[in-house]
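A quick write-up on the structure given underneath.
The values are calculated or read from the model by the stated rules, or taken from the named source; none is laboratory data. Please read these numbers as outputs of a predicted model, since none were measured by experiment. Cβ atoms come from the backbone with ideal geometry, glycine included; neighbour counts cover every protein chain shown.
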C-alpha cells in the first residue's frame, strides 16, 4: 500500500475512533444523569469500548507514521514504546518508581504482571503522534524531543483524572494535590516519553518532513475522550487545561502552514 493509501485508511480509522468516542461520552452522560437504560453490565461495556479505543487509535497511528516515515521506523518506535513505556509501568507497578504507587483494575482487560496488554500499544499511539506534531514545530532533534514529551504529558494531565473516576481503569495508592495524583506521575511521563523519543531519534536518524493533519486529528480525538469524561465526572479544570494546550497547538500548527506566514516543510 502506498503512503496515500495508508493515510486514507488512517482517516477512516480516526473517523471510526471519533464515532466510538461520541458513543462512549453519550453512554457516560446517560448513566451520569440517570436517563433510562436497558439492563446490562455497563462496566463491562465501557471496558470493551476503552480497549477498542486504544486498538483503533494505535492502528491509525501506525498507518500515519508508516506513510510518512516507512515501516521499519514504525516498528522501531513500536518496540521502543513497548519496552521503555510498557517496561517503565511494569517496574512502577512493582516498585512505585518512576510514577508513584498505583495499580490497574480489570477495566482494560487481559493483564500480564498487573499491566494490561493494551498499555504498551497506547504508549506507541500517543508517543508517535506527539513526535509527529513536535516535528512540525521544531526542526532540531533535541527541541522536538522535549516538545514531544510536553505533548505526551499534556495528554496525561486529562487522562489520569478521567480514568481514575467513574469506571476507573487504575487506582492511585500514593496521593497528590492534582485529583489525588502525585506530581511524580507527570514528571515520570515527561521523562519516559522524552527517553522514548530521544532513543528513537538516535536509532532512526533524520525525521522525514510530514505535515499531514492526521496526527493532530488523532491527538484531538484521543484527548477528547478523557476531556469529555472529566467534564461529566466534575473534573472540568483537567479538561480545560487539555483544551487550552490543544487549542494553542492547533493555532500554532495553523500559523506554521505554508501560505500563512509560517515555515514550510
Margin query: Would you confirm whether or not region 32-46 contains a residue that is surrounded by fewer than 16 Cβ atoms within 10 Å (Cβ to Cβ) and in contact with a strand residue (DSSP E or B) (Cβ under 8 Å, 6 or more places away or on another chain)?
Written below: no
Next item on the list: Determine whether region 124-136 contains at least one residue that is more than 24 Å from residue 204 (Cα to Cα), outside any loop (DSSP other than H, G, I, E, B) and in contact with a helix residue (DSSP H, G or I) (Cβ under 8 Å, 6 or more places away or on another chain).
Entry: no
Next item on the list: Quick one: count up the residues across region 141-177 that are part of a loop (DSSP other than H, G, I, E, B), more than 25 Å from residue 53 (Cβ to Cβ) and in contact with a helix residue (DSSP H, G or I) (Cβ under 8 Å, 6 or more places away or on another chain).
Entry: 3
Notebook entry, point to check: Quick one: residue 19 ticks every box in (1) modelled with pLDDT of 95 or more; (2) loosely packed, with under 14 Cβ neighbours inside 10 Å; (3) over 21 Å from residue 217 (Cβ atoms) bar one, so which box is it?
Noted result: (3)
Next item on the list: Working only within region 96-128, note down all residues that are without any contact (Cβ under 8 Å) to a residue 12 or more places away in the chain and in contact with a strand residue (DSSP E or B) (Cβ under 9 Å, 6 or more places away or on another chain).
Entry: 110, 111, 117
Check: Just a yes or no: is a residue in region 92-110 closer than 20 Å to residue 56 by Cα and either modelled with pLDDT under 95 or not in a helix (DSSP H, G or I) (or both)?
Finding: yes
Item checked: Condition met for residue 191 (closer than 28 Å to residue 97 by Cβ, out of contact with any strand residue (DSSP E or B) (no Cβ under 7 Å at 6 or more places or on another chain) and assigned to a helix (DSSP H, G or I)) -> yes
Margin query: Anything in region 178-208 that is touching a helix residue (DSSP H, G or I) at 6+ places or on another chain (Cβ under 8 Å), free of Cβ contacts under 8 Å to residues at least 60 places away in the same chain and under 16 Å from residue 140 (Cα atoms)? List them, or say none.
Written below: 194, 198
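In this structure, does residue 157 turn out to be in contact with a strand residue (DSSP E or B) (Cβ under 9 Å, 6 or more places away or on another chain), crowded, with 22+ Cβ neighbours inside 10 Å and under 30 Å from residue 66 (Cβ atoms)? Step through it out loud before you land on a result.
Working: in contact with a strand residue (DSSP E or B) (Cβ under 9 Å, 6 or more places away or on another chain): yes; crowded, with 22+ Cβ neighbours inside 10 Å: yes; under 30 Å from residue 66 (Cβ atoms): yes.
When the stated conditions are applied, residue 157 passes them.
With respect to residue 85, is the statement that it is at pLDDT 95 or above and buried (at least 19 other Cβ atoms within 10 Å of the Cβ) true? Can you show your working first?
Values: at pLDDT 95 or above: yes; buried (at least 19 other Cβ atoms within 10 Å of the Cβ): yes.
It is true that residue 85 is at pLDDT 95 or above and buried (at least 19 other Cβ atoms within 10 Å of the Cβ).
For residue 229, indicate whether it is crowded, with 17+ Cβ neighbours inside 10 Å, modelled with pLDDT of 95 or more, farther than 26 Å from residue 256 by Cβ and out of contact with any strand residue (DSSP E or B) (no Cβ under 9 Å at 6 or more places or on another chain).
Working: crowded, with 17+ Cβ neighbours inside 10 Å: yes; modelled with pLDDT of 95 or more: yes; farther than 26 Å from residue 256 by Cβ: yes; out of contact with any strand residue (DSSP E or B) (no Cβ under 9 Å at 6 or more places or on another chain): yes.
Criteria met by residue 229.
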